[in-house]
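Since the structure comes first, as structure tokens, the remarks are kept for the end.
The values are calculated or read from the model by the stated rules, or taken from the named source; none is laboratory data. Small disclaimer: the values here were computed from a predicted structure and weren't measured. Here Cβ is always computed from backbone atoms with ideal geometry, including for glycine, and neighbour counts include all displayed protein chains.
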Amino acid sequence: MFYRPADGHGLPHNPFNAIVTPRPIGWISTRGADGRDNLAPYSFFNAVAYVPPQVMFSSTATKDSLSLLRETGVFCVNVVEYAMRDQMNASSGAFDRGVDEFEQAKVTKADCETIDCPRVANAPAALECRVTQILKLEGEDNHAIFGEVTGVHLRDDCLKDGVFDVTRFQPLARLGYRDYSVVRDVFSLNRPGE
Ligand SMILES: Cc1cc2nc3c(=O)[nH]c(=O)nc-3n(C[C@H](O)[C@H](O)[C@H](O)COP(=O)(O)O)c2cc1C
């Protein structure tokens, strides 16, 4: 089939979020100017540069994460492992702004080192970020948030022989609809000329 998004897809569910998959999940933590903490998953998320390291995620409405990081200029990206799938999902509920999803989803919190922001204490990795740009995207209320990584946490048991080893924690990925995937099979390829 072929469809133009402007004309609709005619399917029972929008296939768009099942096309670009699997997507990593950025579990974004923020702290408001008044000290309230927030945690929510975003799968329109990725790393976008090495030097300096930068990441982005996008908010398809003005959600609490975006409101809070506008106040403080910082956020933290926590990597989600398979073992944390239910807590990640619980944190995605549409809670009032005053609700701390760390408490709601029973996620242990720690403070970041380089920014005034909470992080998921036992996440396989966490990236402390300073907001560099917030871009208004096409559409009524779509926003892309870019951040420079100012601090990196790696859980000790995820490091093996100097390598951040995904088989030690099994990253969770978002597929379309209500589906997820978990990274369990890993193989290597040498690039041409290597
Ligand atoms: C796995 C997963 C991925 C999600 N990805 C996004 C996303 O990329 N952008 C977005 O705006 N909402 C996304 N959501 C929905 C938000 O997590 C949800 O709206 C949440 O309540 C926002 O929280 P906040 O208002 O505290 O920021 C996702 C939800 C789940 C479960």
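Annotations
- Looking only at the stretch 5-26, and only at residues there that are in a helix (DSSP H, G or I) and within 20 Å of Leu172 (Cβ to Cβ), the one that is modelled with the lowest pLDDT: Asn17
- Apart from one condition, Ala61 fits all of (1) within 26 Å of Glu103 (Cβ to Cβ); (2) within 13 Å of the chain's Cα centre (by Cα); (3) within 10 Å of the ligand (Cβ to nearest atom); the exception is (2).
- Complete set of residues in the stretch 25-57 that are farther than 19 Å from Lys106 by Cβ and either crowded, with 19+ Cβ neighbours inside 10 Å or in contact with a Gly (Cβ under 9 Å, 6 or more places away or on another chain) (or both): Gly26, Tyr42, Ser43, Phe44, Phe45, Asn46, Gln54, Val55, Met56, Phe57
- Whichever residue in the stretch 25-58 is touching a strand residue (DSSP E or B) at 6+ places or on another chain (Cβ under 7 Å) and aliphatic (A, V, I, L, M) and, among such residues, is nearest to the ligand (Cβ to nearest atom): Ala40
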